[in-house]
Amino acid sequence: MSTPNQSEPDSTAVDWEKVHDSAEFVELRGRLRRFVFPMTVLFLVWYLVYVLLADYAHGFMATKLVGNITVGLVLGLLQFVSTFVITSLYVRYADRKLDPLATRIRESVEEGAGR
């Protein structure tokens, strides 16, 4: 069994630069960035506000709401809740906006490689 010569083009090879530069792939990257970057900024600002309040607003964060439950505790737990909310929003967004386009790109690549 012989190995293919490196100088001979492989008919099943995918031109990844062409895929990367395609309009569909550029659109996919744009859609991803339109969700990820704003959501990341929002979450980091929310986290920074929490940290700053915990460091500089002791009285506010120690305010009791019900029994021994304080504002700081509630805001801290909301950090976890916001993580799950962001994850759920991303999954919905990916299902509707990213996955269909990614599937079309993948199918196009697979068709091109199968020639």
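In this simple spin-label approximation, residue 65 and residue 87 carry label points 7 Å from Cα along the Cα→Cβ vector, and these lie 2.1 nm apart.
Treating r as the C-beta distance of residue 20 and residue 94 and R0 as 25 Å, the FRET efficiency rounds to 0.80. A Förster distance of 41 Å, applied to the separation of the beta-carbon atoms of residue 27 and residue 53, puts the FRET efficiency at 0.55.
Label the chain by shape, choosing from rounded, prolate and oblate, from the square roots a ≥ b ≥ c of the eigenvalues of the Cα gyration tensor; if a/c is under 1.5 it is rounded, and otherwise prolate applies when a/b is larger than b/c, oblate when it is not. Prolate, since a/c reaches 1.5 and a/b exceeds b/c. Straightening the chain between residue 78 and residue 106 buys 6.3 nm, computed as 0.36 nm per residue apart minus the Cα-Cα spacing.
In debye to the nearest 20, how big a dipole does segment 18-108 give about its Cα centre with +1 on each Lys and Arg Cβ and -1 on each Asp and Glu Cβ? Roughly 180 debye for segment 18-108. In terms of other Cβ atoms within 10 Å, 105, 69 run from fewest to most in the order 69, 105. Summarising the amide proton neighbourhood of residue 70: residues at separation of 5 or more, or on other chains, whose placed amide H is nearer than 5 Å comprise 65.
All of the numbers you see were taken from the coordinates with simple rules; none came from a lab. Quick caveat: nothing in here was measured; it's all calculated off a predicted structure. Every residue, glycine among them, receives a Cβ derived from its backbone with ideal geometry; neighbour counts consider all protein chains shown.
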